[in-house]
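J.: Please read through the structure below; I'll follow up with questions.
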Amino acid sequence: MDTKQVVIVGGGFAGLNVAKGLANKSGVEVTLIDRRNYHLFQPLLYQVAMASLSPAEIAQPIRGLFGGSRNIRVIQSEVTGVDQEGKKVNTDHGDYPYDYLVLACGVQHSYFGHEEWEAFAPGLKTIEQATEIRRRVLTAFEMAEKEKDRQAQKKHLTFVVVGGGPTGVELAGAIGEMSRYTLAEDFWHIDPKLARVILIEAGPRILPSFDPKLASRVARDLEGLGVQVWTSSLVTGVDVDGVDVGEERILCSTVLWGAGVQASRLNKALEVVRDPQGRIVVEPDLSLPGKTEIFVIGDQASFSHYDGKPLPGMAPVAMQEGRKTAKNILAELAGKPRQPFNYLDKGQMATIGKSRAIVEYGPIKLTGFFAWVLWLVIHIYYLLGFKNRLFVMVQWAWAYLSQARGARLIVSKEWRFYQPKPKKEEPKNL
Ligand SMILES: Cc1cc2nc3c(=O)[nH]c(=O)nc-3n(C[C@H](O)[C@H](O)[C@H](O)COP(=O)(O)OP(=O)(O)OC[C@H]3O[C@@H](n4cnc5c(N)ncnc54)[C@H](O)[C@@H]3O)c2cc1C
């Protein structure tokens, strides 16, 4: 049997699961390409942004994951395009030929046509963004402590989170909790408990994908942490001094964005059918219509073969799609037909602060402490690497007992300080 070249783009939940399914299997050589050298456990990113965890605790080097697999090559590179006719993936340093291509590039934030807002309102998708959010939130408290002018102090102590989905809810809850408990005794001139946290949602309620009763419970929990929840409120402007919500102006120095996502930039470069969110529409076996050798999976894909509604961008969807793709490639190589993808719904969950969460699994709906314990166990279970699991468990146990947030470091974004200094000019020989 010829050895087939499988190129996987993206080492997220989807891409990793394809690679794991093909690891050490005969008949396939796999090239896994990612622009980063690590796999990032995005569901715990907000814990980094809110200083509960350090970046290394939620990331794992991709190369290390496949050290023992003789047929998997890992390449750190930016994929810039796909030559579908020539069956080649274009990267920033050359091309990779493929027999099978799996695209699993995920999504990026959407500012609904206002990309200029990004500088004032970072989203939460990468470690760089998480540490930047941490820097901004902690710096705001430091600035308020030094400030003599009451109005300016108030501005520093006002935090706006845009978007009432799980990310926005988790961020707003964590800032509320940090100001009321973690930082409460740390300052001399300000009372962090007076921080104003506003969660803004354009729709009529927060957490639209959850049961309305669970969403109302979360709204109450957030209010208990001092978060004001503004629904049916459309953000019309964001700048260095604050946020416009219709006619209203909120003066604040920290704005965080959790409002929407858009498809990978790569999608625009491909000749494919896209859904209104820009995701690539796939066949029941997750391949491209008319191009059976190309699969698109995870957040990058739009799979709507059950009820016409695309599957949500969630880790279990990406993982299951990854596993199915590996199985279908191996089945085809063994001369068997491909099977359509069937999603096993694992429900959804969100956490609010240190010890509250909601869990929805079919008719089962849980809230409060028990839901939080379940949330914790599931997140630790899926975290890659024993060391990460152990560290995270210890961190959480400590944070739970002490109210501490151990990673409260303000790390400068002035990375230019770390650039090598220009060499002094050698004196010329006369
Ligand atoms: C803050 C946050 C919290 C979340 N919480 C939850 C949760 O609690 N539960 C849940 O189920 N889901 C959650 N999600 C969603 C979940 O993380 C995603 O659905 C999942 O990561 C999708 O996996 P993926 O493999 O499709 O994409 P990703 O995990 O985004 O991976 C894509 C990979 O492709 C790489 N890549 C992209 N473009 C290129 C390119 N051009 N060249 C090379 N490499 C490229 C990226 O570097 C990345 O490694 C959360 C997401 C975020 C951002």
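The values are calculated or read from the model by the stated rules, or taken from the named source; none is laboratory data. All figures in this text were calculated on a predicted structure; none of them were measured in a lab. Every residue, glycine as well, gets a Cβ built from its backbone with ideal geometry; the counts of neighbours run over all protein chains shown. Protein only, heavy atoms only, side chains kept; ligands, DNA and RNA dropped before computing areas. Shrake-Rupley method; radii C 1.70, N 1.55, O 1.52, S 1.80 Å.
J.: Return the distance in nm (one decimal) between the two label points of a simple spin-label model at K146 and E128, each offset 7 Å from Cα along Cα→Cβ.
T.: A separation of 2.6 nm, rounded to one decimal place.
J.: Another question, if that's okay. Only Lys, Arg, Asp and Glu count, each charged at its Cβ (+1, +1, -1, -1), so figure out the dipole size of the chain about its Cα centre, rounded to 20 debye.
T.: 1120 debye
J.: Provide the packing ranking of 109-121, 243-255, i.e. peptides ordered by the mean count of other C-beta atoms within 10 Å per residue, highest first.
T.: My ranking of the peptides, most packed first, is 243-255, 109-121.
J.: Also, quick follow-up: Heavy atoms only, probe 1.4 Å: what % of the accessible area of the chain goes to carbon and sulfur, would you let me know?
T.: Its accessible area is 55 percent carbon and sulfur atoms.
J.: Return the aspartates and glutamates within reach of K87: Cα separation strictly under 18 angstrom, same-chain partners fewer than 8 residues apart disregarded; answer none if there are no such residues.
T.: Result set, ordered by chain and number: D2, E29, E78, D95, D99, E271, E293.
J.: Give the angle, between 0 and 90 degrees and rounded to the nearest 10, that separates the Cα long axis of helix 13-22 from the longest principal axis of the Cα atoms of the chain.
T.: Tilt relative to the chain: about 30 degrees.
J.: Any of K4/K387; K4/K125; K20/K88; K268/K365 with alpha carbons more than 28 Å apart? Name them for me.
T.: K4/K387; K4/K125; K268/K365
J.: Please determine, in degrees from 0 to 90 and to the nearest 10, the orientation of helix 368-382 with respect to the longest principal axis defined by the Cα atoms of the chain, where the helix direction is its Cα long axis.
T.: The angle comes out at about 40 degrees.
J.: Something else now. Relative to the longest principal Cα axis of the chain, at what angle does helix 315-333 sit, 0 to 90 degrees, rounded to 10?
T.: Long axis of 315-333 versus the principal axis of the chain: about 10 degrees.
J.: Something else now. Just how far, in whole angstrom, is region 164-188 from region 345-389 if you go by their alpha carbon centroids?
T.: Cα centroid of region 345-389 versus Cα centroid of region 164-188: 19 Å apart.
J.: Highest GNM mean-square fluctuation, the chain, Cα pairs closer than 10 Å: which of G86, G15, G322?
T.: Fluctuation is largest for G86.
J.: Next question, about the same structure. Near the amide H of R205, under 5 Å away, which other amide H atoms are found, from residues 5 or more places off or on another chain, if H is placed in the peptide plane?
T.: Sorted by chain and number, the residues that satisfy this are S232.
J.: What distance in nm separates the two pseudo spin-label positions at S216 and S232, each 7 Å out from Cα along the beta-carbon direction?
T.: 1.6 nm
J.: Suppose each label sits 7 Å from its Cα in the direction of the beta carbon; what would the Y306-Q108 distance come out to in nanometres?
T.: 3.0 nm
J.: Please find the FRET efficiency linking R36 to T292, where r is the Cβ-Cβ separation and R0 is fixed at 30 Å, and quote it to the nearest 0.05.
T.: 0.55
J.: For W230, W398, W257, give me the order by solvent-accessible area with a 1.4 Å probe, most accessible first, ignoring ligands, DNA and RNA.
T.: W398, W230, W257
J.: Express in nm, to one decimal, how much length is gained between R73 and E332 on full extension, taking 0.36 nm for each residue of separation and deducting their alpha carbon distance.
T.: Working it through step by step, the gained length comes to 91.1 nm.
J.: Related question: Just the number please: accessible area per residue for the chain, 1.4 Å probe, all protein chains included, in Å².
T.: For the chain, the per-residue accessible area is 49 Å².
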